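*Asks:* Quick one: the structure is below, and I'll ask about it shortly.
The values are calculated or read from the model by the stated rules, or taken from the named source; none is laboratory data. This structure is a prediction, so every number in the text was calculated from the model and none was measured. Note: ideal-geometry Cβ built from the backbone for every residue, glycine included; neighbour counts use all protein chains shown.
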Amino acid sequence: MQKAKAPSTPEFRAEAKFQRGSPQKAKLVLDLIKGLRVEAAINLVAVTNKRWSPVVEKVLRSAIQNAVYLSDEKNLDIDVDNLYVKTAIANEGPRMKRIRPAPMGRAFRYQRRISHIIITVAEKKKAEPVAAATSTEPVKKTAGKPAAKKTAAKKTVAKKSAPKKAAKKAVATA
């Protein structure tokens, strides 16, 4: 027997491959927009003062345009105002190995990092109102006895610690 799958929301994605720059620095900008509505994400990226901001904004706008185009092609009912950033990932691309001259004829190797940026947007489903569940079971009342036991336990702890404090004071004064 096969279970009926719930209708999944379509996801629209855009990629920017082989971008010069460290994925670690790109993730700083991408972490800001994860989970935000696309309008708020574009506004946030536009005012962010990072070198990666224009690249992330371009990829985000591309993902939105992909959503508009594919919804027209496949006759999907997509509301652009209801889109949000589902995932924003910066993967590492191939590294460029370079050599820097060093003293006494030696050379130091270093690596230029390259990143792949992937942004996925999806439509946020409207929350359906959940009916309040009415319970037929009576509500159990709590007895006052456990609370009395707790306070009694605290009193015994206080009594036990009192002689230790007095002993410490006697040692300190001596």
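*Asks:* Quick check on my filter: what residues within region 93-121 are surrounded by 13 or more Cβ atoms within 10 Å (Cβ to Cβ) and either charged (D, E, K, R) or on the phi > 0 side of the Ramachandran plot (or both)? Before you say what the answer is, go through the steps one by one.
*Replies:* Taking region 93-121 and keeping what is surrounded by 13 or more Cβ atoms within 10 Å (Cβ to Cβ), we get 93, 113-121.
Answer for region 93-121, where residues must be surrounded by 13 or more Cβ atoms within 10 Å (Cβ to Cβ) and either charged (D, E, K, R) or on the phi > 0 side of the Ramachandran plot (or both): just 113.
*Asks:* Hey, does region 17-30 have a residue that's over 14 Å from residue 114 (Cα atoms) and in contact (Cβ under 8 Å) with a residue 40 or more places away in the chain? Let's see the steps before the verdict.
*Replies:* Going through region 17-30, the residues over 14 Å from residue 114 (Cα atoms) turn out to be 28-30.
Right, trim to in contact (Cβ under 8 Å) with a residue 40 or more places away in the chain and you get 30.
Yes, there is a match, as at least one residue in region 17-30 is over 14 Å from residue 114 (Cα atoms) and in contact (Cβ under 8 Å) with a residue 40 or more places away in the chain.
*Asks:* Further, regarding this structure: I'd like the full set of residues that are assigned to a loop (DSSP other than H, G, I, E, B) and aliphatic (A, V, I, L, M), limited to region 29-63. Steps first, please.
*Replies:* Step one: filter region 29-63 for residues assigned to a loop (DSSP other than H, G, I, E, B), giving 34-36, 48-52.
36 - this is the single residue of region 29-63 that is assigned to a loop (DSSP other than H, G, I, E, B) and aliphatic (A, V, I, L, M).
*Asks:* So, one more: I'd like to check something: does region 33-41 contain any residue that is over 25 Å from residue 94 (Cα atoms), among the charged types (D, E, K, R) and over 19 Å from the mean Cα position of the chain (by Cα)?
*Replies:* So far as region 33-41 goes, no, none of its residues is over 25 Å from residue 94 (Cα atoms), among the charged types (D, E, K, R) and over 19 Å from the mean Cα position of the chain (by Cα).
*Asks:* For region 64-120, give me every one of the strands (runs of 3 or more DSSP E) that falls completely inside it and has 1 or more residues that are among the small types (Gly, Ala, Ser) and more than 22 Å from the chain's Cα centre (by Cα). Full working, then the answer.
*Replies:* Details: elements: 83-92, 96-101, 107-112.
Those strands (runs of 3 or more DSSP E) span 107-112.
*Asks:* Taking the conditions exactly as written (assigned by TED's automatic domain parsing to the domain that holds residue 117, surrounded by 15 or more Cβ atoms within 10 Å (Cβ to Cβ), closer than 20 Å to residue 124 by Cβ and modelled with pLDDT under 95), does residue 62 satisfy them or not? If you could, list the steps in order and put the result at the bottom.
*Replies:* Values: assigned by TED's automatic domain parsing to the domain that holds residue 117: yes; surrounded by 15 or more Cβ atoms within 10 Å (Cβ to Cβ): yes; closer than 20 Å to residue 124 by Cβ: yes; modelled with pLDDT under 95: no.
Considered against the rule, which asks whether it is assigned by TED's automatic domain parsing to the domain that holds residue 117, surrounded by 15 or more Cβ atoms within 10 Å (Cβ to Cβ), closer than 20 Å to residue 124 by Cβ and modelled with pLDDT under 95, residue 62 comes out as no.
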